[in-house]
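Q: First the structure, which I've put down as structure tokens, then a few questions once you've had a look.
Any read-out appearing in this document is the output of simple, stated calculations on the displayed coordinates, not a laboratory observation. Predicted model, so just to flag it, every value in this text is computed and none were measured. Virtual Cβ from ideal backbone geometry, glycine too; neighbours counted across all protein chains shown.
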Amino acid sequence: MKFDTPLTREEICSVIEGKGAARRVPIAIQLWSHPNVMGEQKEAFQELLDSYPSDVELFTFQVPDVFAAPPDDPSYRWLNYDNPFGPDTPLDAISAIDDWDKLDDILADFPSPDYKGLIPADVTPRGETYRVGVWWFWLFERFWSLRGMENALYDFYENPDEVHRLFRALTDFYKVLIRRGKEEMDLDAVWTSDDIGTQTGPFFSLEIFREFFKPYYQELIDYAHQLGLHFWLHTCGNIEPFIPDLIEIGLDVLHPIQKYTMDERKIAAEYGDKICIWAGFDVQRIIPYGTPDDVRQEVRFMMDTYYRPEGRLIMAAGNNMTADTPLESMRALLDESLRYGTEIASQKQG
């Protein structure tokens, strides 16, 4: 049984742009919930997720791997040489680009964003639901996956020109990706990830952000806007020092305002009228270890904190649900998001 119908594209656009709340708080929790990781509970989780509305339709771009390439295009990979490390070696612990002298050769054989397989095969005909195309690893995450975490952080100081050249090439790739998403998938938005915060603060200073990230971020966000698309960003950790700059360059949707890393009330008070917050429910403590009542209480706290009559709030999980998520807690999250999200909208608009 379906408990409600999805909100329309027009309703979601109004919420994101701060032009008015929908008939309830939008729900996009399912985008962070994958039944295939739930073991014996897989079918029960799928049935539960299908019972509640998901107000965003998601499609995933097939961006290149670091070393592996698809059979029909051997050059569709970020690096034009084979993996010299073990296949299971974590990318943050190695330096895939072990020498910046290789950069000329890498960029000369950079993957083409015109590759047919970039567009997912599961694109469905356009309906009334708001649709988003996602790719993972924007600039910082892609950077450390190519240089390793330690080298990447040093490179901002020791090899700035090479960093800019790489970010230029990545930005040019992503611009074509965004254009194809609009033309071939009729998207309403693009969404990407760049975890630039730790549990206690950013990975780097505001000065580093403004020199190496902000110009490329703004270029891509501006380009998306020129095409009539919203731009969504997932970024974990405490990124509070960067939020004013993200607002300045026109970011539309920010996820997740990670619990226990920032003060939600402060963020909502200072920025909640300037950017749409895709509020992420805590997946580290409350969902795995709390009771269903704890979950419902937290949903109410989040909506009371972030809700505005003009919109600017979408509900989500803070990250992917893990296998230790109790089914009844997941049910409480979806149910309370729907029920209280409808109640608070009715109260505030009435």
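Q: Please compute the net charge surrounding ARG265, taking Lys and Arg as +1 and Asp and Glu as -1 over other residues with Cβ under 13 Å from its Cβ. The partial results should precede the final answer.
A: Working: positive: LYS259, LYS266; negative: GLU240, ASP263, GLU264, GLU270, ASP304.
Residues close to ARG265 contribute a combined charge of -3.
Q: I would also like to ask the following. Evaluated at 37 °C with a viscosity of 0.692 mPa s, what Stokes-Einstein diffusion coefficient in µm²/s does segment 9-349 have when Rh comes from the Kirkwood expression over alpha-carbon pairs?
A: In µm²/s, the coefficient is 156.
Q: Further question on the same structure: What does the convex hull of the Cα atoms of segment 23-142 come to per residue, in Å³, rounded to a whole number? Walk me through the intermediate numbers first.
A: Values: hull volume 21.1 nm³, N = 120.
Convex hull of Cα atoms, per residue: 176 Å³.
Q: If we count every other residue with Cβ under 9 angstrom of GLY117's Cβ, Lys/Arg +1 and Asp/Glu -1, where does the sum land?
A: -1
Q: Stick to Cα atoms and the Kirkwood definition of Rh, then tell me Rg/Rh for segment 202-274. Kindly include the intermediate steps, with their values, before the conclusion.
A: Values: Rg = 12.4 Å, Rh = 12.9 Å.
Computed over Cα atoms, the ratio is 0.96.
Q: Taking the Cβ of ILE344 as the centre, find all other residues whose Cβ is under 14 Å away and add up their charges (Lys, Arg: +1; Asp, Glu: -1). Mind dumping the intermediate values first?
A: Values: positive: ARG23, ARG24, ARG296, ARG300, ARG308, ARG312, ARG339, LYS348; negative: ASP304, GLU310, GLU336, GLU343.
Once all neighbours under 14 Å are counted, the net charge is +4.
Q: To the nearest Å, what is the center-to-center distance of segment 66-81 and segment 288-350, using C-alpha atoms only?
A: 41
Q: Take the alpha carbon atoms of segment 198-256, find their center, do the same for segment 1-31, and report the distance between the two centers in whole angstrom.
A: Each part reduced to its Cα centre gives a spacing of 24 Å.
Q: Another question, then. Taking the chain as a Gaussian network, where each spring joins two C-alpha atoms under 10 Å apart, which residue of GLY290, GLY311, GLY272 fluctuates the most?
A: Between GLY290, GLY311, GLY272, it is GLY290 that shows the largest mean-square fluctuation.
Q: Summing -39500 (n - 2.57) over the DSSP H runs of n ≥ 4 in the chain and dividing by its residue number, what mean residue ellipticity at 222 nm do you reach, to the nearest 500 deg cm²/dmol? Walk me through the intermediate numbers first.
A: On the way: 12 runs with 137 residues, N = 350.
Taking each H run of at least 4 residues, the total per residue is -12000 deg cm²/dmol.
Q: At most 14 other Cβ atoms within 10 Å and a DSSP loop assignment: could you name the chymotrypsin sites (Phe, Trp or Tyr not before Pro) in segment 1-51 that fit? Write out the running numbers ahead of the final one.
A: On the way: sites: PHE3, TRP32, PHE45; in loops: PHE3.
Hits after loop and neighbour filter: PHE3.
Q: OK, next. Going by C-beta contacts inside 10 Å, put ASP65, ASP335 in order with the fewest on the left.
A: With the fewest neighbours first, ASP65, ASP335 line up as ASP65, ASP335.
Q: Can you pull the Rg over Rh of segment 200-338, Cα-only, Kirkwood? If you can, show how the numbers build up before the last one.
A: Working: Rg = 15.9 Å, Rh = 15.9 Å.
With Rg and the Kirkwood Rh in hand, the quotient comes to 1.00.
Q: Then there is this: For segment 71-123, restrict the atom set to alpha-carbon positions and state the Rg and Dmax in Å.
A: Reported Rg and Dmax, both Å: 13.4, 40.
Q: Over the Cα atoms of segment 176-215, Rg to Rh with Kirkwood Rh, two decimal places?
A: That ratio equals 1.18.
Q: Moving to a separate point now. Using R₀ = 51 Å, calculate the FRET efficiency as 1/(1 + (r/R₀)^6) where r is the Cβ-Cβ separation of ASP105 and SER346; round to 0.05.
A: Numbers: r = 61 Å, r/R0 = 1.19.
Once rounded, the FRET efficiency stands at 0.25.
Q: Report, to two decimal places, the Cα Rg of segment 274-350 normalised by 2.2 N^0.38 Å (N = number of residues).
A: On the way: Rg = 12.5 Å, N = 77, 2.2 N^0.38 = 11.5 Å.
Against the compact-globule rule of thumb, the ratio is 1.09.
Q: Between the helical axis of 327-349 and the dominant principal axis of the chain, each derived from Cα atoms, what acute angle in degrees is found, rounded to the nearest 10?
A: 70
Q: So, one more: Return P(r) of segment 160-262 (all Cα-Cα pairs; 5 Å bins starting at 0; whole %; ordered from short to long distances).
A: Per 5 Å bin, starting at zero, the Cα-Cα P(r) for segment 160-262 comes out as 2, 12, 22, 23, 20, 13, 6, 2, 0 percent.
Q: Hey, another quick one. Mind pulling the angle between the C-alpha long axis of helix 42-51 and the longest principal axis of the chain? Nearest 10 degrees, somewhere in 0 to 90.
A: Helix 42-51 sits at roughly 60 degrees to that axis.
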